[in-house]
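Visitor: Questions regarding the structure given below will be posed in turn.
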Amino acid sequence: MNTELEAMGITEAVMNKAMAAMTADLKPLADRHGVSVMGLLDGWHDDISGAYFFGYTSAALAGKDGQELSQHAAVAVLYAFGQSTNPAVRAHARELRGELASKAYHLINDQARAAGSNPTFRALACSECHTAEYRDDLPADPNWDAPQARWRCKGCGHPFDVRDLELEVGEDWAIRDHVLGLIDQPEQEEEG
Ligand SMILES: [Zn+2]
């Protein structure tokens, strides 16, 4: 074990907990791609797999467990993606954001409520019919595996193209009850 890591509190037990949670969370995605979790990670850019390792390790280091560990890791991974200036990472991360945003939303929502503010969830309206919402639980189409076909309009069936989504500063994706939308991220409170 690396003594430098141990000095930061990243013991073998912390690493094992982080890796177990990450492996469990990534298993469905790996299955969809027909590879192992390690195969999935190996196929990603180092900045992407690195964001995952960092996110899960930091959540385990903070003493989180179970669902809470996954939620904290998701927030950290989303943040790392958001900070990346690497176009390849930003493009690839769009597929992963949907998986992460669902976990992260509940945590951000709960924390904001506890802090006395109420983040607003706004469902995205379809860019074709301008009335209905995008959902991820509609019958699959032949392009289902393509990230841009993950969500479809409940009204007209138009597939949502994630490349069309431009986020403003302070906005983030959220998924609530299978509906794709946006939330305003609560401003960070100053400690003390
Ligand atoms: Zn529509």
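Visitor: Output wanted: per-residue J couplings in Hz (rounded whole) for the stretch 14-23, from phi through Karplus 6.51 cos²θ - 1.76 cosθ + 1.60, θ = phi - 60°, x for Gly and Pro.
Guide: Here the 3J(HN,Hα) series is 5, 4, 4, 5, 5, 5, 5, 5, 5, 4 Hz.
Visitor: A further question follows. When Val35, Val77, Val89 are ordered from fewest to most other Cβ atoms inside 10 Å of their Cβ, what list results? Kindly include the intermediate steps, with their values, before the conclusion.
Guide: Numbers: Val35 14, Val77 29, Val89 21.
Ranking Val35, Val77, Val89 by Cβ neighbours within 10 Å, fewest first, gives Val35, Val89, Val77.
Visitor: Another question, if that's okay. Only counting other Cβ atoms within 10 Å, I'd like Asp31, Asp47 sorted with the fewest neighbours first.
Guide: Working: Asp31 12, Asp47 18.
Final ranking by Cβ density, sparse to dense: Asp31, Asp47.
Visitor: Relative to the compact-globule scaling 2.2 N^0.38 Å, provide the ratio for the alpha-carbon radius of gyration of the stretch 48-93.
Guide: On the way: Rg = 10.9 Å, N = 46, 2.2 N^0.38 = 9.4 Å.
Cα-based Rg divided by the globular estimate yields 1.16.
Visitor: If you don't mind, there's one more thing I want to ask. Please arrange Trp151, Trp44, Trp173 by how many other C-beta atoms lie within 10 Å of their C-beta, fewest to most.
Guide: Working: Trp151 25, Trp44 17, Trp173 21.
So the ranking, lowest neighbour count to highest, is Trp44, Trp173, Trp151.
Visitor: Full extension from Leu107 to Glu6: what is 0.36 nm times the residue separation minus their Cα-Cα distance, to one decimal in nm?
Guide: Details: separation 101, 0.36 × 101 = 36.36 nm, distance 2.84 nm.
Extra length from Leu107 to Glu6 when fully extended: 33.5 nm.
Visitor: Check cross-link reach from Lys64 to the lysines: straight Cα distance under 17 Å, and skip same-chain residues fewer than eight apart.
Guide: Partners found: Lys17, Lys103.
Visitor: Could you list, bin by bin from short to long, the percent of Cα-Cα pairs of the stretch 1-116 in 10 Å steps?
Guide: 14, 44, 34, 9, 0
Visitor: Still on this structure, please answer the following. Can you tell me the length gained on complete extension of the stretch Cys156 to Ala24, counting 0.36 nm per residue apart and subtracting the Cα distance? Intermediate results must be reported in sequence, preceding the final value.
Guide: Working: separation 132, 0.36 × 132 = 47.52 nm, distance 3.51 nm.
This chain segment gains 44.0 nm when fully extended.
Visitor: If Lys and Arg each add +1 and Asp and Glu each add -1, what is the summed charge of the other residues whose beta carbon sits under 10 Å from the beta carbon of Ser70?
Guide: Residues close to Ser70 contribute a combined charge of -1.
Taken together, the values in this text are just the output of simple stated rules run on the coordinates, not laboratory data. Just so it is clear, the structure is predicted and the values come from calculations on it, not from any experiment. Positions of Cβ are generated from backbone atoms using ideal geometry, with glycine treated the same way; all protein chains shown enter the neighbour counts.
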